[in-house]
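Before any comments, here is the structure.
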Amino acid sequence: MNKRRFLKNILVLGLGAGILPNAIAKSYRQIEKMTSEEAATYDEFWELIRKKYHLKTEYINLENGYYCIMPEEILESQIRHLRELNSEGSYYKRKNYETEKKAIIKRLAKHAHCGEDELVITRNTTESLDLVIGGLDWKKGDEAIMALEDYGAMLNHFRLQAERHGVVNKTISVPLNPENDEEVVKVYEEAITDKTRLIMVCHMINITGHILPVRKICDMAHRYGVEVMVDGAHSFAQIPTSMKELGCDYFGTSLHKWLSSPLGCGFLYIKKEKIAGLWPLFAEDKMEKSNIYRLNHTGTRPVHSMQGINAALDFYEWLGAERKEKRLRYLQNYWTDKVRGIKKITLNTPEDKKRSCGIANVAVAGYTPEELAEILFEKYTIWTVAINRPTVKGCRITLNIYTSTEELDNLVKALKELTKIR
């Protein structure tokens with residue numbers, strides 16, 4: 001991406017009230033001289049980035065995991081595309097849509113390190129992975145392996161396959177603080193039988209932030225002839241994510257999460273040789289079974305959201321993938337280091353800092369997750385989300401690059417105060 005073009009866009013659009021483009025350019029020149037670790041703590045730059053977001057002042061938003069707020073550049077780009085689409089009518093869809101879509105897919109494939117013919121744009125992770133779960137030619141008695149900590153929408157779709165096709169779903173639980181990667185791999189391996197067809201695994205567990213050793217799980221599963229489908233909803237654009245390095249058969253993500261694209265954007269990756277083995281959800285015109293577009297027909301969709309992916313990629317490339325990852329990890333460790341080990345406070349996130357990034361989960365003894373979330377919001381104006389699952393009970397704290405250390409100090413102060421009340 002051309003950095004000059006991005007800075008020029010800031011000048012043209014006049015975005016980020018209160019920000020002088022020259023200040024951003026000057027600060028950016030400073031961080032370009034730094035390592036990613038040094039840039040992660042350079043607050044002057046991140047304070048300027050924060051001003052590029054229109055944030056509510058009534059509360060502190062520490063629940064960015066549902067979807068991420070767009071910087072003003074991306075929002076304005078989406079609005080501009082919506083206006084253009086509304087003025088062009090069917091002309092855009094019939095003349096320009098396919099060309100633009102393929103150009104966006106090319107950019108996404110470059111970031112995902114996969115072939116352009118292995119990736120399609122979807123609306124979200126659920127759609128992406130459910131296309132795989134519902135598209136496999138299941139036979140009665142076939143087995144699928146998943147974790148209690150996996151996302152509910154996909155667990156529900158596996159349940160549907162059990163009811164419809166007689167699929168046997170085997171559920172494991174991922175250890176929160178494994179001694180090594182092999183301990184995690186072993187949990188999945190021990191559930192495999194000669195009837196196992198598919199393993200679903202999270203790249204980053206959404207309720208704990210736990211980053212799993214996906215490549216090692218894939219290598220193990222493939223030795224048994226088992227396919228692996230990866231839930232990458234929270235990994236893509238939060239941490240560097242490469243299909244080649246993961247070695248998985250299927251991967252789905254939501255771009256409106258950590259890429260900060262407009263709502264309703266995601267993608268599905270399918271390894272080239274696996275495409276022909278899936279049935280589409282909606283019938284498309286007759287195509288070669290190896291053509292991934294055969295699986296992507298959904299009718300007319302809000303294409304102005306898709307167009308916004310370009311602006312989101314511009315921002316992400318300008319910011320820098322590694323720089324963003326290091327900032328998110330720094331912020332998460334900033335607050336978790338201050339509360340880990342305090343009596344009555346439990347962190348449902350791995351102690352090993354390499355196993356998490358911008359997501360963590362916290363519990364306070366004496367409070368249900370729902371009570372903790374409500375008190376944090378009503379008393380301390382901190383917005384989080386309660387997680388009440390069989391193996392994880394607490395509040396998920398999901399940061400963003402605009403999150404300040406002052407806001408995290410407020411969270412730490414609130415948690416410490418709550419330990420003294422009950």
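Checking residue 36 against (1) surrounded by 14 or more Cβ atoms within 10 Å (Cβ to Cβ); (2) closer than 30 Å to residue 378 by Cβ; (3) touching a residue at least 60 places away in the same chain (Cβ under 8 Å): exactly one of these is not met. Which one?
Among (1) surrounded by 14 or more Cβ atoms within 10 Å (Cβ to Cβ); (2) closer than 30 Å to residue 378 by Cβ; (3) touching a residue at least 60 places away in the same chain (Cβ under 8 Å), the lone unmet condition for residue 36 is (2).
What number of residues within the stretch 16-66 are modelled with pLDDT under 90, part of a loop (DSSP other than H, G, I, E, B) and closer than 27 Å to residue 239 by Cβ?
Result for the stretch 16-66: 1.
Checking the condition touching a strand residue (DSSP E or B) at 6+ places or on another chain (Cβ under 8 Å) and acidic (Asp, Glu), which residue from 351, 322, 378, 370 passes?
Testing whether each residue is touching a strand residue (DSSP E or B) at 6+ places or on another chain (Cβ under 8 Å) and acidic (Asp, Glu) leaves just 370.
Consider residue 346 carefully, then state whether it is outside any strand (DSSP E or B), modelled with pLDDT of 95 or more and of a type in the set (Val, Ile, Thr).
no
Need a quick list: strands (runs of 3 or more DSSP E) entirely within the stretch 359-422 having at least 3 residues that are in contact with a helix residue (DSSP H, G or I) (Cβ under 6 Å, 6 or more places away or on another chain), of a type in the set (Phe, Trp, Tyr) and in contact (Cβ under 8 Å) with a residue 40 or more places away in the chain.
It comes to none.
Looking for something at pLDDT 95 or above and farther than 30 Å from residue 291 by Cβ - is there at least one such residue anywhere in the stretch 123-132?
Among the residues of the stretch 123-132, not one is at pLDDT 95 or above and farther than 30 Å from residue 291 by Cβ, which makes the answer no.
For the stretch 177-189, name all the residues that are closer than 12 Å to residue 147 by Cα and either among the hydrophobic types (A, V, I, L, M, F, W, C) or in a loop (DSSP other than H, G, I, E, B) (or both).
184, 187
The values are calculated or read from the model by the stated rules, or taken from the named source; none is laboratory data. This is a predicted model, so every value here is computed, not measured. Quick reminder, even Gly has a Cβ in these numbers, built from the backbone with ideal geometry, and neighbours come from all protein chains shown.
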